[in-house]
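The values are calculated or read from the model by the stated rules, or taken from the named source; none is laboratory data. Remember, predicted model here, so these are calculated numbers, not experimental data. All Cβ positions, glycine included, derive from the backbone under ideal geometry; neighbour counts span all protein chains shown.
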Amino acid sequence: MNWDDLRLFMLIAQECSIRKAANRLEISHSTLSRRLESLETHLSTKLFYRHSSGLVLTESGVELFSEIKPVFTKIERVLRNLSGRDQSQRGEIKVTLPCMFAKHLLFDDLIDFQESWPEISMQIHASDDIVDLEKGMADVAIRLTENPDESLIGRKLGDLYQAAYATEEYIQSSNSDVEREIKWLKPGPTTKVESINLNFIQRRMNECSLVINNIDLQLQAAEMHKGIALLPCFMGDRNKKLIRVSEPYKHFSIWMLYPKESRDNKRMLLFRQYIVKCIENHAELLQGKNPSAAYASSFRPLLDTG
């Protein structure tokens with residue numbers, strides 16, 4: 001078996017198209033098609049259904065993709081780490097990012113970076129406050145914004161999506177008690193939720209009966225069956241106590257910002273390239289496309305699908 005065929009399979013599955021995958025690889029469509037057929041022949045199973053709109057993974061294809069994706073992710077990390085160790089980079093990096101990113105999304109990645117390049121010391125400033133990069137308070141900032149500071153060099157990393165979450169027990173008890181008023185759990189009384197359409201609720205919701213200015217406490221309140229919380233998908237989808245009760249929607253853009261003076265600094269460049277890759281790896285989770293995000297089967301007919 002040609003093990004490289006698994007890498008090609010991964011790319012085809014991500015693109016849902018042999019032609020698009022072939023263009024990315026800069027090889028012919030027919031060559032990639034033959035490689036896929038060879039892999040399917042070797043495994044004695046079909047990996048894709050062919051439709052006019054594109055390719056769809058079969059049950060075997062889904063199983064193969066879910067099993068080998070972590071392996072390839074780990075291989076990429078090892079190769080990235082090994083190449084970094086040959087660089088004589090020394091010094092300090094100060095990075096600032098939102099608390100929820102530090103705690104629930106990027107902490108392991110940041111630790112892996114520092115351990116991979118031990119000659120680089122790192123200061124992690126987890127805060128929702130805006131830190132002044134031009135005064136040297138940080139070297140790199142990851143921020144949620146639609147209007148990045150024009151005095152800094154910026155790169156958009158992706159988009160953050162959020163959705164409404166609650167425990168199944170809370171929704172069931174609310175539906176069984178028609179007199180009960182549904183509670184929003186929000187960071188502030190002015191937080192807008194008009195764009196969230198919860199079709200399973202046929203009565204008025206309390207606009208904001210419990211204001212909590214901390215995302216972790218909002219999540220905890222939802223876990224305690226106290227209401228419906230608006231949470232980032234990368235937090236809500238991985239929480240086994242909660243179910244998603246709305247479609248995800250874009251909340252903010254994710255930007256990486258840094259001062260112009262550090263543009264050509266090799267240590268900073270190494271770190272910035274690493275963060276770009278990390279966010280790419282978390283893209284499905286950030287956008288609420290994580291396959292592990294499952295609605296309770298009994299709830300699916302009640303969810304907003306539009």
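Could you look through the range 127-155, keep only residues that are among the basic types (Lys, Arg) and not in a loop (DSSP other than H, G, I, E, B), and pick out the one that is farthest from Lys260 (Cα to Cα)? Working first, answer last.
Of all residues in the range 127-155, those among the basic types (Lys, Arg) come to 135, 143, 155.
Now drop any that are not not in a loop (DSSP other than H, G, I, E, B), which leaves 143, 155.
Numbers: Arg143: 17, Arg155: 13 Å.
Only one residue fits best here, namely Arg143.
Out of Leu106, Leu57, Leu32, Leu39, which single residue is assigned by TED's automatic domain parsing to the domain that holds Glu134 and at pLDDT 90 or above? Being assigned by TED's automatic domain parsing to the domain that holds Glu134 and at pLDDT 90 or above holds for just one of Leu106, Leu57, Leu32, Leu39, which is Leu106.
In this structure, Asp112 does not qualify as assigned by TED's automatic domain parsing to the domain that holds Val140, exposed (fewer than 12 other Cβ atoms within 10 Å of the Cβ) and within 29 Å of Leu157 (Cα to Cα).
For Phe101, state whether it is touching a residue at least 12 places away in the same chain (Cβ under 8 Å), assigned by TED's automatic domain parsing to the domain that holds Lys260 and touching a strand residue (DSSP E or B) at 6+ places or on another chain (Cβ under 9 Å).
On the way: touching a residue at least 12 places away in the same chain (Cβ under 8 Å): yes; assigned by TED's automatic domain parsing to the domain that holds Lys260: yes; touching a strand residue (DSSP E or B) at 6+ places or on another chain (Cβ under 9 Å): yes.
Taking the combined requirement at face value, the residue satisfies it.
Restricted to the range 1-49, and to residues there that are free of Cβ contacts under 8 Å to residues at least 12 places away in the same chain, assigned to a loop (DSSP other than H, G, I, E, B) and farther than 19 Å from Phe72 by Cβ, the residue that is farthest from the chain's Cα centre (by Cα) is Ser44. If you go through the range 184-195 one residue at a time, do you hit one that is in a strand (DSSP E or B), outside the structural domain of Met268 (by TED's automatic domain parsing) and modelled with pLDDT of 85 or more? Yes - at least one qualifying residue is present in the range 184-195. Would you please name the residue that is nearest to Ile130 (Cα to Cα), looking only at residues in the range 247-292 that are modelled with pLDDT under 90 and touching a Gly at 6+ places or on another chain (Cβ under 8 Å)? Step by step, filter the range 247-292, then rank; the result is Arg267.
Taking the conditions exactly as written (within 16 Å of the chain's Cα centre (by Cα) and outside the structural domain of Ser121 (by TED's automatic domain parsing)), does Asp237 satisfy them or not?
Numbers: within 16 Å of the chain's Cα centre (by Cα): yes; outside the structural domain of Ser121 (by TED's automatic domain parsing): yes.
When the stated conditions are applied, Asp237 passes them.
Inclusion of Asp109 among residues that are among the acidic types (Asp, Glu), in contact with a Lys or Arg (Cβ under 6 Å, 6 or more places away or on another chain) and touching a residue at least 60 places away in the same chain (Cβ under 8 Å) is not warranted.
From the list Leu230, Leu217, the one residue that fits, being modelled with pLDDT of 90 or more and not in a loop (DSSP other than H, G, I, E, B), is Leu217. Entry remark, the range 107-126: residues being among the aromatic types (Phe, Trp, Tyr) and in a loop (DSSP other than H, G, I, E, B) number 1 in total.
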